[in-house]
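Undergrad: Have a look at the structure that comes next, please.
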Amino acid sequence: MLHIRGFPDPGELTGRLRDAGEVNAALMAEVTGTACRRYPSIGQSEKTARLKQLIRSGAWTDAALALIDLELPLWQVRRLAYDEGEWHCALSRERELPDWLDQSIETRHADLSLAILGAFVEAQRVSQPESRTSVPAVNRTAPDFYEPLCGDNFS
């Protein structure tokens, strides 16, 4: 049976990650259930098994990095820095570009794993394809400068 999972707005999950004090199994299950499209991945069973093992052992930082590797293969960690009691995490698609040219995702949190998970959820939101139909939309309203014209010959 085909099961199609709807992906809710990750804005609520981002708020929960921001308000959380530390990662636990329930929060990690919510992240994988809400923001992950490839987990559990049939085609990448090694990465999925490693991620499950990291979650079972409570290695939250490694699990967050493994989620990025599994779900966002084009994204890389650009910067992890600890400053004034907070971890700053930046994810980027173009890590080799200078900071001022790169469009990276940046988050911060007192807990390292939550900073990484916050950046992961935000990158998933940015990477999520827009829902578009396969048929182009037709604009039925005519602009003001066009007037209907009858071209029939009535003579």
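The values are calculated or read from the model by the stated rules, or taken from the named source; none is laboratory data. A quick note: this is a predicted structure, and the numbers were derived from the prediction, not measured. Cβ sites come from the backbone with ideal geometry, for glycine too, and all protein chains shown count toward neighbours. To get the accessible areas, we keep the full protein, side chains included, count just its heavy atoms, and leave off ligands, DNA and RNA. Shrake-Rupley method; radii C 1.70, N 1.55, O 1.52, S 1.80 Å.
Undergrad: Please list 106-115, 28-37 highest first by mean number of surrounding beta-carbon atoms within 10 Å per residue.
TA: Packing proxy ranking, top to bottom: 106-115, 28-37.
Undergrad: Ok, one more. For the residue pair Asp102 and Arg18, what label-to-label distance in nm results when each label sits 7 Å from Cα along the Cα-to-beta-carbon direction?
TA: Modelled inter-label distance: 2.3 nm.
Undergrad: In the full protein assembly as shown, how much of Ser57 is accessible to a 1.4 Å probe, in Å² to the nearest 10?
TA: 90 Å²
Undergrad: Going by the alpha-carbon gyration tensor, a ≥ b ≥ c the square roots of its eigenvalues, is region 59-118 rounded (a/c under 1.5) or, if a/c is not under 1.5, prolate (a/b greater than b/c) versus oblate?
TA: It is oblate, given that a/c is not under 1.5 and a/b is not larger than b/c.
Undergrad: Note down the nm distance, to one decimal, between modelled labels 7 Å out along Cα→Cβ at Arg50 and at Ala110.
TA: 3.2 nm
Undergrad: Another question about this same structure. Could you please state how large a percent of the accessible area of region 68-120 is carbon and sulfur, counting protein chains only and using a 1.4 Å probe?
TA: Here carbon and sulfur together make up 46 percent of the probe-accessible area.
Undergrad: Just to be sure I understand the model, the point goes 7 Å from the Cα along the line to the Cβ. What's the resulting Arg95 to Ser57 distance in nm?
TA: 2.2 nm
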